[in-house]
Amino acid sequence: MEQEKYYKQSVMPKIKASILCTRPLNELLIHKAARHGIDIDVVPFIETEPAKSPGIIQQISSFATQKITAVFTSMNAVESVIIQLTFIPDWDIYCLGGITKELVFDFFGEDKVIATAKNAQALAEKILHAQTVKEVVFFCGDHRLDELPETLRFNHIEVNELVVYTTIQLPVFIEKNYTGIIFFSPSAVHSFFSMNTVATNVVLFSIGKTTTATIQTYCSNKIITSEWPGKEQMVENVIGYFS
């Protein structure tokens, strides 16, 4: 028994931080954090639902037969489009990095991707830099941000927006006191703060500048903003901060 107790103490690091993640995480990432003494609880504050209207499905099918420049700024948009495709279309694709890029690579192939970027503004600039794009199809959600379409339109690029998924808030009252909270979108921020407040010493981790700006409308806590999108990067930021 003494040997077993010693073994458990030697392999289980002391808990350094208790973290609330407002979006589902891969179990491997949760275990990775645990090995560094980071205890993560997952409580989703939003959910997404692919568009089901015949009109949207028909538009996706129609675009699949055309040579278009497609733009994805979220993994949800990629997944919502993929489930409606029966073959790999011949598209030129611009997308964000992280899991959005991984999903695009897995289905469409790396050769279809013209460029990736760490945020929507940087992606818009890469589209402009190409100087050959006159029109894009922006597959997005009903809470999409303005940066990319406004930048492109200001520079005379036609943007055809197709809303392929909807975002539903799932507010939950949190009783537990956490050391830090991870946010992946402005929608999750709104959902969380609709029922909760945070103590001033809680560190908040944000997926990007827009999510950070949304958090700042609710509190003045310390915010660690990720330079790149993706769940793995966010967990790495948490581990790095508390290590």
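Every number in this text was worked out from the coordinates using simple rules, so none of it is lab data. Quick caveat, the model's predicted, so the values are computed rather than measured. FYI the Cβ positions are ideal-geometry reconstructions off the backbone, even for glycines, and counts take in every protein chain you see.
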**Message:** Could you sort the peptides 119-125, 106-112 by per-residue average Cβ neighbour count (10 Å cutoff), highest mean leading?
**Reply:** 119-125, 106-112
**Asked** What are the lysines whose alpha-carbon lies under 30 Å from the alpha-carbon of residue 118, with same-chain residues fewer than 8 places away excluded?
**Response** 16, 32, 52, 67, 101, 126, 134, 209, 222, 231
**Mean Cβ count within 10 Å, highest first, over the residues of peptides 210-216, 136-142, 39-45** = 136-142, 210-216, 39-45
**Request:** For segment 144-225, run through the GluC sites (Glu not before Pro) and keep only the ones in DSSP coil with at most 12 other Cβ atoms within 10 Å of their Cβ.
**Result:** 175
**Request:** Tell me what the chain gives for mean residue ellipticity at 222 nm when only DSSP H runs of n ≥ 4 count, each as -39,500 (n - 2.57), the sum divided by the residue total, rounded to 500 deg cm²/dmol.
**Result:** -11500 deg cm²/dmol
**Request:** Could you list 57, 127 in order of exposure, starting from the residue whose Cβ has the fewest other Cβ atoms within 10 Å?
**Result:** 57, 127
**Message:** Using Cβ counts within 10 Å as a stand-in for footprinting exposure, how do 49, 79, 27 rank, fewest first?
**Reply:** 27, 49, 79
**Asked** Using Cα pairs under 8 angstrom and six or more residues apart, how large is the relative contact order of segment 45-162, in percent?
**Response** 24 percent
**Asked** Fewest to most neighbouring Cβ within 10 Å: what's the order for 218, 165, 178?
**Response** 218, 178, 165
**Shape call, segment 50-167: gyration tensor on alpha carbons, a/c limit 1.5** = rounded
